[in-house]
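Below is one structure; the comments refer to it alone.
The values are calculated or read from the model by the stated rules, or taken from the named source; none is laboratory data. The structure presented is a predicted model; accordingly, all values stated were derived computationally and were not measured. Please note: Cβ atoms are built from the backbone with ideal geometry, for glycine as well, and neighbour counts cover all protein chains shown. For accessibility, only protein heavy atoms count, side chains too; no ligands or nucleic acids. Shrake-Rupley method; radii C 1.70, N 1.55, O 1.52, S 1.80 Å.
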Amino acid sequence: DTAVSQTPKYLVTQMGNDKSIKCEQNLGHDTMYWYKQDSKKFLKIMFSYNNKELIINETVPNRFSPKSPDKAHLNLHINSLELGDSAVYFCASSQAQGREQYFGPGTRLTVT
Amino acid sequence: QKEVEQDPGPLSVPEGAIVSLNCTYSNSAFQYFMWYRQYSRKGPELLMYTYSSGNKEDGRFTAQVDKSSKYISLFIRDSQPSDSATYLCALGRGNTPLVFGKGTRLSVIA
C-alpha cells in the first residue's frame, strides 16, 4: 500500500512544452511538498501546501504552478520547459510543517 | 554559517564496520531530528527520527542527538553492502519546513 505516489516516474520532453506531475498521499497528512533534486543530489524545497493552501513558495520561476484539489493530492504543472528544469522532482507529505516527511518515489524529468 | 552542515563524503568502509555519520547545526531552535536514507534512483526514506537529546536505537541503527553541542549522529553497526546509499540528516523547528543536510554518500564494500 503506497503511502506517497507520483506519476509519471519518467518524463522526457522537449524545451518549450508544458507538463504535469501528479502526487497522492494516503497517510491522512495535512501538509504536502514539492522538492527538486539536482544532479548534485541536493534537495531543494519548492512549495509547501497545508490543507490545500499554499504556505511556502520558494524562489521558483512562475512557470511552475502547484495545485492542490484536495488534502491528499498535490500536482505540479510546468509551463515552457527549459533545459535547466531537468532534475528529479519529489513529492512529500507530513502531519505538519517541521515534522517528519514521507517522500514519493520521484519523477525524473529530462528536457531535451 | 549554513544552518546544517553535513560532510558529503564519499565514505567507504568494509563490510562489518561501524559507520558514523554526522551533522552539525547552528540554530538551537531545532526540535526535531531525522535521518533519511536514499538509494540511487529512489526517494528519500525516513530511517529514524527523534525529538530529544540522547540516543534512539532501532536494530543496527542508533541516532544520537546532542543539543548542547548542536550535533547529531547516525551510527550503523555491522554495516552491510545493502547499507550503501546517501544518508541525509533533516532538522525541524516549529511550523517551518525541514532543513536538510546535503547528504553523505556511503559505500560498504563486501
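Quick notes
- All of (1) more than 9 Å from chain B (Cβ to nearest Cβ); (2) in a loop (DSSP other than H, G, I, E, B); (3) under 26 Å from residue B:39 (Cα atoms) hold for residue A:62 with one exception: (3).
- Given (1) closer than 24 Å to residue A:105 by Cα; (2) open to solvent by less than 30 Å² (accessible area, probe 1.4 Å), number of the condition residue B:63 does not satisfy: (1)
- Candidate set from region B:73-96 (those that are more than 17 Å from residue B:38 (Cβ to Cβ), open to solvent by 10 Å² or more (accessible area, probe 1.4 Å) and in contact with a strand residue (DSSP E or B) (Cβ under 8 Å, 6 or more places away or on another chain)); member that is farthest from the other protein chains (Cβ to nearest Cβ): B:77
- So residue A:11, is it over 17 Å from residue A:100 (Cβ atoms) and not acidic (Asp, Glu): yes
- Hits in region B:32-51 - residues which are open to solvent by 50 Å² or more (accessible area, probe 1.4 Å) and either closer than 18 Å to residue B:109 by Cβ or within 15 Å of the chain's Cα centre (by Cα) (or both): B:39, B:40, B:45, B:49, B:51
- Residue in region B:2-25 that is nearest to the other protein chains (Cβ to nearest Cβ), counting only those that are modelled with pLDDT of 95 or more, assigned to a loop (DSSP other than H, G, I, E, B) and open to solvent by less than 50 Å² (accessible area, probe 1.4 Å): B:17
- For region A:68-112, the set of residues classified as open to solvent by 50 Å² or more (accessible area, probe 1.4 Å), under 13 Å from residue A:17 (Cα atoms) and part of a strand (DSSP E or B) consists of A:77, A:110, listed by residue number.
- Contact annotation: residue pairs with Cβ atoms under 6 Å, 6 or more positions apart or on different chains, pairing a residue in region A:1-14 that is of a type in the set (S, T, N, Q) with a partner that is loosely packed, with under 13 Cβ neighbours inside 10 Å, are A:14/A:112.
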